[in-house]
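Everything on this sheet refers to the single structure shown next.
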Amino acid sequence: MLAELTSNQITDWIAYNKIDPIGEWRSDYRIALVCATIVNVGNSLIYVMKGLWSKRAGRKPKFVTVQDFIPDWDGKKTKDEVPDQSIEEQKRMLLSIAKTFGATKGKRTKK
């Protein structure tokens, strides 16, 4: 394709790309935006529906950013940005999830 384009056309495409970039990273950004929105809305609903804001004096849900969902294809994130989880932390997280689902299992009603 480059053999068929003139120098002026290539220059125009470079200028256009600076104004309105095209590329796969835009797809990553759009998906990350959707993911962050879903997580933030979900976290807000959980806290509001369970009334946790009133029970836990001013404690608000943790919101995520779009950057939390952008893939690190180049490996540019530092170790500080991506903390390692210990085996014990992973076990506690899974047990907490299992406990939550176990506690709600008997509360579900059939319609």
- Query: So what are the ³J(HN,Hα) numbers for region 31-40, from phi and the Karplus equation (6.51, -1.76, 1.60; θ = phi - 60°), rounded to whole Hz, Gly and Pro as x?
  - Reply: 5, 4, 5, 5, 4, 4, 5, 4, 5, 5
- Task: Report the local net charge at Ile31: Lys and Arg +1, Asp and Glu -1, summed over other residues whose C-beta lies under 14 Å from its C-beta.
- Result: -1
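Just so you know, all these numbers are worked out from the coordinates, no wet-lab data involved. These figures come from a predicted structure and were not determined experimentally. For neighbour counting, all protein chains shown are included, and Cβ atoms are generated from backbone atoms with ideal geometry for every residue, glycine included.
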